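Here is the structure we will look at.
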Amino acid sequence: MSSTNPNKLYQKLFTGLKKKFCCNEVDNLLEYSRKRIDKNDNKNIVRFVCISDIHTPSRIRKERIPWQFPQGDVLLVAGDLTMRGSAREVSQVVDWLRDTPYSHRVVIAGNHDFCLDPQDDDYSPEAEAALQRECIYLRDSSVVLFDSVKIYGSPVTPEFHSMAFNVARGSDIEQVWSSIPEDTDILLTHGPPLGHGDLVHNGIRAGCADLLMRVNQVRPAYHVFGHIHEAYGVTTDGYTAFVNAACCNLRYFLEHQPLVFEFAVAEPQQKPSLDEQLESGLSLGN
Ligand SMILES: [Zn+2]
């Protein structure tokens, strides 16, 4: 079956008697995440704050953002930092991100961020470097935080009006998603998969079917994205929580709150005993 017609495929996979995939709404992501943490295994709890589709860098400082940044450790930004994709806009976003109260900021680009796309005429290595200085910038790549959480990020969305990081649906985009590592814990993409956070205001499903298939193989605990502003919210298929964190509404006004979840990471580092320190030569300064 062709993966290039998401609406037909949605009918086939998500509705009817023989449906293969399910999609249940999650009202409170933080509560959902806490239920998934086993309190008995003495792990550190880290808090992730998700945003996407800021789009309005020149207005960020002037406009009253309709929310306070929630407490957290890691900020996840799922692309569309800018409106027109200029290097100037990226530098405004970088200044803004620098002031956010998080120890780590993991960022991807989106289809509006032309100057970050190496295939685009407006590509600016300087804008990319500025982002890399202040953030963990992922472009079809991964990072491991706290010795245990693997986050993979990709700016790619299915071809639509020849925007940045666009790849044709079908075998081309399937190839892109095949790079998502099997052991990904948190997946960060700009666009949604088919059937989760992808319902456009006109009733069309815009999500990527090939991304859904890959997520179904990898089963990350969280898949964070944006792109479809009006489909902000959280759903789950029973394995993965799908988080559409688009901050802008359909009219590109910042309206939606950041979404927060907690995640158990590697056990707290035990301080070595004095005996162990002597044995390893630590106390001798070796
Ligand atoms: Zn957007």
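Here the Debye sum runs over all C-alpha atoms of the stretch 64-175 as equal scatterers in vacuum, and log10 of I(q)/I(0) at q = 0.15, 0.20, 0.22 Å⁻¹ comes out as -0.68, -1.11, -1.25. Taking all protein chains together and rolling a 1.4 Å probe, residue 199 ends up with roughly 80 Å² accessible. Computed over the stretch 164-203, the convex hull of the alpha-carbon atoms projects to a mean area of 4.0 nm². Dipole magnitude for the chain: computed about the Cα centre from +1 point charges on Lys and Arg Cβ and -1 point charges on Asp and Glu Cβ, it is near 940 debye. Computed in the context of the full set of protein chains, the accessible area of the chain at 1.4 Å probe radius has 46% of its extent on carbon or sulfur. The tail of the calculated P(r) for the stretch 1-110, taken as Cα-Cα distances beyond 24 Å, holds 50 percent of the pairs. Annotation note: trypsin sites (Lys or Arg not before Pro) in the stretch 59-121 located in DSSP loop regions with a Cβ neighbour count of at most 14 within 10 Å are 61, 62, 64, 84.
Taking the DSSP beta bridges with both ends in the chain, the antiparallel portion is around 45 percent. Computed from the C-beta positions of residue 69 and residue 182, the FRET efficiency with R₀ = 51 Å rounds to 0.95. Using C-alpha pairs below 8 Å separated by at least 6 residues, the relative contact order for the chain is 24 percent. Each Lys or Arg adds one and each Asp or Glu subtracts one; over the other residues with Cβ under 15 Å from the Cβ of residue 176, this totals -3.
Under 18 Å of direct C-alpha separation, and excluding same-chain neighbours fewer than eight residues apart, residue 35 reaches these aspartates and glutamates: 25, 27, 185, 237, 262. Rounded to the nearest 20, the Cβ-based charge dipole of the stretch 31-180 about its Cα centre (Lys and Arg +1, Asp and Glu -1) stands at 820 debye.
For the stretch 146-250, the list of chymotrypsin sites (Phe, Trp or Tyr not before Pro) that fall in a loop by DSSP and count at most 12 other C-beta atoms within 10 angstrom reads 160, 239. Within the stretch 1-87, report the chymotrypsin sites (Phe, Trp or Tyr not before Pro) that DSSP leaves as loop and that have at most 15 other Cβ atoms within 10 Å. Sites meeting the loop and neighbour criteria: 67.
Stick to the Cα atoms of the stretch 30-81, pair each with every other, and give me the Kirkwood hydrodynamic radius in Å at one decimal. Across the stretch 30-81, the inverse of the average 1/r is 13.5 Å. In the full protein context, the stretch 24-269 carries 44 Å² of accessible surface per residue, based on a 1.4 Å probe and ignoring ligands, DNA and RNA.
In terms of its Cα atoms, the chain spans 66, 49, 36 Å along the principal axes, sorted from long to short.
The values are calculated or read from the model by the stated rules, or taken from the named source; none is laboratory data. Because the structure is predicted, anything quoted here is derived from the model rather than measured. Cβ: placed from backbone, ideal geometry, glycine included. Neighbour counts: every protein chain shown. Quick note on the areas: whole protein, heavy atoms, side chains included, nothing else; ligands and nucleic acids left out. Shrake-Rupley method; radii C 1.70, N 1.55, O 1.52, S 1.80 Å.
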